[in-house]
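Notes to accompany the following structure.
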Amino acid sequence: MEESKILQYFEGKTILITGATGFLAKIFLEKILRVQPEIKKLFLLIRAVDKRSAEQRLHEEVLNTELFGVLEEKYGADLIPFLLSKVIPVCGDVSYENLGNYDSKLRDEMWQEVDIIVNSAATTKFDERYDVAMGINALGAMHVQKFARNCSKIEMFVHVSTGLIPEKPFHMGETLDGAKISYLDIDTEKRIVEERLRGLEAQNATELEIASAMRNLGTDRAKLHGWPNTYVFTKAIGEMLLEKLEENVKLIIVRPTIITSTYKEPFSGWTEGIRTLDSIFVAYGKGKLKFFVGDPNSTLDMIPGDMVVNSMLVAMVVHTNQPSHRLIYHIGSSLRNPLKYEDMRWLMYNYLTENPLLDTGGKPIKVEKGKILETMASFHRYIAIRYLPFVQMLKLVNMILCNHFRNLHANARRRIDYSIRLAELYKPYLFFHGTFDDTTTENLRTTIRGSEVFNFDPKCIQWDEYFMNTHFPGITK
Ligand SMILES: NC(=O)c1ccc[n+]([C@@H]2O[C@H](COP(=O)([O-])OP(=O)(O)OC[C@H]3O[C@@H](n4cnc5c(N)ncnc54)[C@H](OP(=O)(O)O)[C@@H]3O)[C@@H](O)[C@H]2O)c1
């Protein structure tokens with residue numbers, strides 16, 4: 001397929017994008033505006049109390065980011081008028097029916113004009129409160145799908161999800177290997193959330209107690225059904241709900257693995273915030289992380305954000321000519337160009353030795369090679385031997401000195417609990433030995449082989465070069 005055919009497809013189209021203040025959707029927005037300025041309209045769903053604050057978020061958190069610098073160079077003073085003629089912020093929230101938008105005039109306009117919906121809204125916290133994750137990742141997907149059904153011209157609905165090893169759909173009620181029960185009843189899950197919330201309110205639980213109870217509930221329910229955390233569990237429920245509803249709207253489910261900074265477009269190394277495994281790089285670089293938990297031979301599946309966006313754009317064009325009503329694409333690297341955790345560790349060490357982070361006084365922080373704890377048992381042993389005695393000692397001193405070191409003791413305890421929680425949360429990723437099947441995605445790649453503009457082939461990535469010159473400098477910045 002020619003690149004021009006892809007560009008042509010988007011000419012005159014109107015797209016509704018959810019999650020527009022998020023990392024991936026911003027890359028999507030910038031790309032479409034840059035490569036196809038003849039796009040008709042882009043409605044961006046943004047959580048905000050009113051239209052004015054949605055506009056403010058659009059400007060401050062989206063358009064004013066460095067990501068839009070290339071467009072700024074291209075348009076100069078005409079950029080703002082160009083953007084304002086295309087981009088329309090819409091106040092809303094996917095957790096509600098009709099996306100929580102109460103402006104009926106605007107809603108009618110969207111129902112009449114939208115050709116494509118891209119649902120990128122999600123909570124990506126692994127241990128999110130169950131009620132919140134259920135509302136956004138599961139019911140949210142369903143609300144966006146229902147909204148799509150009301151759009152008279154809708155051509156397709158692209159849902160960004162997250163995957164498991166086979167590139168196949170989740171069927172309603174499915175549980176995973178290791179589940180303690182054999183059927184996932186979504187109505188029961190909704191009821192459990194409501195009952196638990198009511199119970200906590202009846203006990204006059206504080207907001208903090210409610211948040212903690214709902215977080216634990218999510219983790220427990222996810223594990224009961226075989227999923228490692230609330231995030232992936234509720235995303236899977238979202239897919240099941242879409243499967244149930246899908247009749248007349250073509251559905252593309254894109255499941256990226258861990259999304260990292262941009263590979264090439266609009267420039268290399270754009271990222272935002274400290275995302276997933278980047279927290280390891282930062283903690284290590286700041287000298288706070290002295291050891292690594294995880295199997296050195298496990299595979300880290302990562303994929304740059306611009307490649308994910310390219311795959312979405314190509315999938316839309318290819319899908320429009322296919323009879324199939326639903327396609328699932330895994331966008332990752334573990335099958336075609338795997339990266340070992342051990343290699344990543346060395347890359348971090350080399351980078352931070354050559355380019356150390358600075359402490360608050362501006363002095364370079366020296367990193368050590370760091371001990372590797374290859375099993376969770378060795379991690380727990382290490383904590384018990386290295387850190388717990390220190391906490392016990394602080395506790396004792398504290399008792400003797402009438403709570404003089406209360407804060408010190410509480411902080412040390414909190415840091416240990418935090419390390420244990422982080423290790424438990426990331427465990428499925430740090431001991432991961434699978435590869436993500438991407439056969440359907442590979443077929444998609446063959447349609448656009450050789451294209452620079454829409455490249456999403458992970459085989460192009462030289463990992464050492466990418467991390468040393470692109471991703472690590474991006475996070476550091
Ligand atoms: N990042 C990854 O490594 C990764 C990997 C695999 C799959 N994914 C999937 O890719 C998609 C995008 O991820 P991302 O990294 O861009 O996430 P992100 O940066 O955390 O952005 C999430 C976006 O969703 C919005 N959102 C959250 N709750 C919402 C609600 N109730 N209603 C409307 N919008 C809501 C957020 O808005 P606020 O600004 O108001 O919070 C934000 O704009 C998600 O579906 C995620 O599951 C991500």
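Please indicate, with yes or no, whether at least one residue in the stretch 259-272 is in contact (Cβ under 8 Å) with a residue 12 or more places away in the chain and out of contact with any helix residue (DSSP H, G or I) (no Cβ under 7 Å at 6 or more places or on another chain). No, the stretch 259-272 contains no residue that is in contact (Cβ under 8 Å) with a residue 12 or more places away in the chain and out of contact with any helix residue (DSSP H, G or I) (no Cβ under 7 Å at 6 or more places or on another chain). If Ala122 passes every condition in (1) touching a His at 6+ places or on another chain (Cβ under 9 Å); (2) buried (at least 23 other Cβ atoms within 10 Å of the Cβ) but one, which one does it miss? Ala122 satisfies all of (1) touching a His at 6+ places or on another chain (Cβ under 9 Å); (2) buried (at least 23 other Cβ atoms within 10 Å of the Cβ) except (1).
Kindly indicate whether Phe472 is surrounded by 12 or more Cβ atoms within 10 Å (Cβ to Cβ), within 30 Å of the chain's Cα centre (by Cα) and within 30 Å of His319 (Cβ to Cβ). Explain how you work it out, then say what you get.
Values: surrounded by 12 or more Cβ atoms within 10 Å (Cβ to Cβ): yes; within 30 Å of the chain's Cα centre (by Cα): yes; within 30 Å of His319 (Cβ to Cβ): no.
For Phe472, the condition - surrounded by 12 or more Cβ atoms within 10 Å (Cβ to Cβ), within 30 Å of the chain's Cα centre (by Cα) and within 30 Å of His319 (Cβ to Cβ) - is not met.
Note on the stretch 88-136: residues that are more than 27 Å from Leu422 (Cβ to Cβ) and aromatic (Phe, Trp, Tyr) amount to 3. Looking across the stretch 236-273 at every residue that is modelled with pLDDT of 95 or more and basic (Lys, Arg), the one that is farthest from Pro169 (Cα to Cα) is identified as Lys264. Look at the stretch 10-27: where a residue is more than 6 Å from the ligand (Cβ to nearest atom), no partner that is open to solvent by less than 20 Å² (accessible area, probe 1.4 Å) and at pLDDT below 95 sits 6+ places away or on another chain with Cβ atoms under 8 Å.
So that you can scan it fast, the table gives a plain yes or no per residue for (1) closer than 15 Å to Lys340 by Cβ; (2) open to solvent by less than 50 Å² (accessible area, probe 1.4 Å):
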site	(1), (2)
Tyr426	no, yes
Leu430	yes, yes
His433	yes, no
Thr440	no, yes
Thr447	no, yes
Glu452	no, no
Asn455	no, yes
Lys459	no, no
Asp464	yes, no
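Among what's in the stretch 382-398 and is among the hydrophobic types (A, V, I, L, M, F, W, C) and at pLDDT 80 or above, pick the residue that is nearest to Tyr418 (Cα to Cα). In this case the residue turns out to be Ile383.
Kindly check whether there is at least one residue in the stretch 79-88 that is within 15 Å of the ligand (Cβ to nearest atom), under 23 Å from Glu55 (Cβ atoms) and not in a helix (DSSP H, G or I). Yes, the conditions are met somewhere in the stretch 79-88. Note on the stretch 247-269: among residues that are open to solvent by less than 10 Å² (accessible area, probe 1.4 Å) and among the β-branched types (Val, Ile, Thr), the one that is nearest to Ile186 (Cα to Cα) is Ile253. Considering the stretch 292-329, and only residues there that are among the charged types (D, E, K, R) and within 16 Å of the ligand (Cβ to nearest atom), the residue that is nearest to Leu444 (Cα to Cα) turns out to be Asp306. Can you tell me which residue is nearest to the ligand (Cβ to nearest atom) among those in the stretch 43-66 that are among the hydrophobic types (A, V, I, L, M, F, W, C) and part of a loop (DSSP other than H, G, I, E, B)? Here the answer is Ala48.
Condition check ((1) of a type in the set (S, T, N, Q); (2) free of Cβ contacts under 8 Å to residues at least 12 places away in the same chain; (3) within 14 Å of Phe147 (Cβ to Cβ)) across all residues:
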{"position": "Val62", "(1), (2), (3)": "no, no, no"}
{"position": "Leu67", "(1), (2), (3)": "no, no, no"}
{"position": "Leu99", "(1), (2), (3)": "no, no, yes"}
{"position": "Asp108", "(1), (2), (3)": "no, yes, yes"}
{"position": "Glu128", "(1), (2), (3)": "no, no, no"}
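Which one is farthest from the ligand (Cβ to nearest atom), of the residues in the stretch 115-134 that are acidic (Asp, Glu) and not in a helix (DSSP H, G or I)?
First, pick out the residues of the stretch 115-134 that are acidic (Asp, Glu): 115, 127-128, 131.
Subsequent filtering for residues that are not in a helix (DSSP H, G or I) retains 115, 127-128.
On the way: Asp115: 20, Asp127: 14, Glu128: 10 Å.
Checked the stretch 115-134; the qualifying residue farthest from the ligand (Cβ to nearest atom) is Asp115.
Hey, does the stretch 72-86 have a residue that's surrounded by fewer than 18 Cβ atoms within 10 Å (Cβ to Cβ), of a type in the set (Gly, Ala, Ser) and touching a Gly at 6+ places or on another chain (Cβ under 6 Å)? Checking the stretch 72-86: not a single residue is surrounded by fewer than 18 Cβ atoms within 10 Å (Cβ to Cβ), of a type in the set (Gly, Ala, Ser) and touching a Gly at 6+ places or on another chain (Cβ under 6 Å).
If I filter the stretch 254-291 down to residues being farther than 24 Å from Glu72 by Cα and basic (Lys, Arg), which single residue comes out as farthest from the ligand (Cβ to nearest atom)?
Per the criteria, the residue is Lys290.
Taken together, the residues in the stretch 145-203 that are outside any helix (DSSP H, G or I), free of Cβ contacts under 8 Å to residues at least 40 places away in the same chain and either in contact with a Ser or Thr (Cβ under 9 Å, 6 or more places away or on another chain) or within 22 Å of Ile116 (Cβ to Cβ) (or both) amount to 2. Just one of the numbered conditions (1) within 16 Å of the ligand (Cβ to nearest atom); (2) in a loop (DSSP other than H, G, I, E, B) is not true of Lys31: (2).
All of Lys244, Lys235 fail the test of being buried (at least 22 other Cβ atoms within 10 Å of the Cβ), touching a residue at least 24 places away in the same chain (Cβ under 8 Å) and in a helix (DSSP H, G or I), apart from Lys235. Has the stretch 321-339 got at least one residue that is at pLDDT 90 or above, out of contact with any His (no Cβ under 6 Å at 6 or more places or on another chain) and under 30 Å from Arg415 (Cβ atoms)? Scanning the stretch 321-339 turns up at least one residue that is at pLDDT 90 or above, out of contact with any His (no Cβ under 6 Å at 6 or more places or on another chain) and under 30 Å from Arg415 (Cβ atoms).
The values are calculated or read from the model by the stated rules, or taken from the named source; none is laboratory data. The structure presented is a predicted model; accordingly, all values stated were derived computationally and were not measured. Ideal geometry is used to build each Cβ from the backbone, glycine not excepted, and the neighbour counts take in all protein chains shown. Remember, those area values only see protein heavy atoms, side chains included, never the ligands or the DNA or RNA. Shrake-Rupley method; radii C 1.70, N 1.55, O 1.52, S 1.80 Å.
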